[in-house]
Protein chains: 2
Amino acid sequence: MARPPKERQFANLPELIKDAAWRQITQSGASSLSLRGIARDLGITAPAIYNYFPDRDALVTSLIADAYASFGDCQLAARDAFAGQGKELDRLRATGLAYRRWALDHPHRYLLIFGNPVPGYEPPMEELLPVMMRSLGALVGTIAELHALGRLETGRLPLPLIDTDHRFFSLLENADEGMLAVYAISIAVWCRVHGLVSLEITGQLPLFGEDGAALYRFELDAICRQFIRSPEDDTGVIPRTGTVREP
Amino acid sequence: MARPPKERQFANLPELIKDAAWRQITQSGASSLSLRGIARDLGITAPAIYNYFPDRDALVTSLIADAYASFGDCQLAARDAFAGQGKELDRLRATGLAYRRWALDHPHRYLLIFGNPVPGYEPPMEELLPVMMRSLGALVGTIAELHALGRLETGRLPLPLIDTDHRFFSLLENADEGMLAVYAISIAVWCRVHGLVSLEITGQLPLFGEDGAALYRFELDAICRQFIRSPEDDTGVIPRTGTVREP
DNA sequence: TGTTGATTTATACAGTGTAAATTTATACTG
DNA sequence: CAGTATAAATTTACACTGTATAAATCAACA
């Protein structure tokens, strides 16, 4: 035996590589990420990177995981800023506003995880699923709380197909089989905010300029009006904790 | 003088190049488009392509223009399937349904024009604007018709900032200065359908599987209920979705 | 036949990824 | 404790694919 793997000639080289990768992505976008460029930036040679990431895709996967972690931190922090009963709607709006805020602050991270997939790159779900679940947990958890209070209004919203592969939500906190409405509304909400945010980030949202915030607030209001009942608007559903009732 | 430029050694080579490019894009995605691959496909050499397209971006621009033309054809055809007064809502729904239909039928074309921009590629607006205007004209024109009938319900929808660069809508048919509400609603509608469709196309819409159609129809309904007054309802009150429960 | 457009050949440069050679630091041995 | 074997870390060299340009070649017509 000789030389344990702990001792590296450059300390923290994997982290340095990822830092350089983010710098490069911020400058020129994700799909122009180049291992040789990273190596140049770090003063090493390109093949050295292959000791820590077997190929370019592995590096991308690691960056995606970091982006999800950052996104999840913001989502959970926004939710936890309004703790306590009676603040469920505040939590929902906070996660919604934090979604756009984080996306504007980190557009490349956003596009990396929610943008169009890079052709040729197949994200390894077994690795990314936990951090995806955590990041979406703030929204879904809050919707679930509103559901437990009987304040969800699904209307004609079609429910998810129970028999399909529901990998995305099977690991969510508080997840159980009776929360199809929660999932359905979560998906619908996500679709709406994603449409706005992705267009704004990529500069395809015309006319609103700096005031994309106003349109976004309008859409958050529309979402709340459409899907969330106010607590005093009691239509006969008894708010219950513990037991989940299907509408 | 000798040899007029009409006589090419391969007839229609620009069209053949674009056909091969679409084949390649359909197979492997837009960002892996390779001039050498096209040349291989056509049995010519790569530099020959540079006679017709000065660089890779010029070829991409041409493909984008074709995609907009195809998209516009579908939008206008869908609108014109419900001609005549009194069918404005049918026209709106038809363009909405055609939007998703076309996107599912031509996902790569959709991503090329509405997806995340390819880093390093700057779309030449002076060339693409007319075909963009034409393709969006079906939606905006129909919204404008509903506006002329007094059936638009803007609510708290923020209006576009008039003083910003409104290149996108300045060329639209029936465009005049008084149609800010038309533009605002068109943008809001586009954001919503784009969110759903782009997620569905890229396989990021979980759980709904083949039934993304149901969620899409639900969203079209929500759009119509929120923004369009029915002709006999001249009170300005929109029926709230949250007040009626499903049986 | 000369002119000129169309195409190919040759070349420069950048990128991914692999195999072999090399450096470097540790651990074992005499 | 010195010397050496060893394995990790890194570099060099290479094979391949890509974009793009310049020069050479080919083809058709006046």
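Applying a threshold of 8 Å to beta carbon distances and a minimum spacing of six or more residues, or different chains, the list of pairs starting in the stretch A:19-41 at a residue that is at pLDDT 95 or above and ending at one that is of a type in the set (V, I, T) and exposed (fewer than 14 other Cβ atoms within 10 Å of the Cβ) reads A:A39/A:T45.
In the stretch B:189-202, the residues that are more than 9 Å from every other protein chain (Cβ to nearest Cβ) reach residues that are open to solvent by 10 Å² or more (accessible area, probe 1.4 Å) with C-beta atoms within less than 7 angstrom, at least six apart or across chains, in these pairs: B:V189/B:L139. Of all the numbered requirements in (1) within 12 Å of DNA strand C (Cβ to nearest atom); (2) open to solvent by 20 Å² or more (accessible area, probe 1.4 Å); (3) away from chain B (no Cβ under 13 Å); (4) within 26 Å of B:Y121 (Cα to Cα), A:I38 misses one, and that requirement is (2). B:Y110 satisfies every condition listed in (1) hydroxyl-bearing (S, T, Y); (2) without any contact (Cβ under 8 Å) to a residue 12 or more places away in the chain; (3) buried (at least 19 other Cβ atoms within 10 Å of the Cβ) except (2). Of the residues screened, A:G72 is not one that is away from DNA strand C (no atom under 16 Å from the Cβ) and either without any contact (Cβ under 8 Å) to a residue 12 or more places away in the chain or part of a loop (DSSP other than H, G, I, E, B) (or both). When the residues of the stretch A:48-68 are filtered to those that are part of a helix (DSSP H, G or I) and within 12 Å of DNA strand D (Cβ to nearest atom), the one that is surrounded by the fewest Cβ atoms within 10 Å (Cβ to Cβ) is A:A48. Restricting the stretch B:114-131 to residues that are more than 10 Å from chain A (Cβ to nearest Cβ) and assigned to a helix (DSSP H, G or I), the residue that is surrounded by the fewest Cβ atoms within 10 Å (Cβ to Cβ) is B:E126.
Has the stretch A:82-101 got any residue that is within 16 Å of DNA strand C (Cβ to nearest atom) and open to solvent by less than 40 Å² (accessible area, probe 1.4 Å)? No - not one qualifying residue is present in the stretch A:82-101.
The values are calculated or read from the model by the stated rules, or taken from the named source; none is laboratory data. Being a predicted model, the structure only gives us computed values, none of them experimental. Cβ atoms come from the backbone with ideal geometry, glycine included; neighbour counts cover every protein chain shown. What goes into the accessible areas is simple: the full protein's heavy atoms, side chains included, and nothing from ligands, DNA or RNA. Shrake-Rupley method; radii C 1.70, N 1.55, O 1.52, S 1.80 Å.
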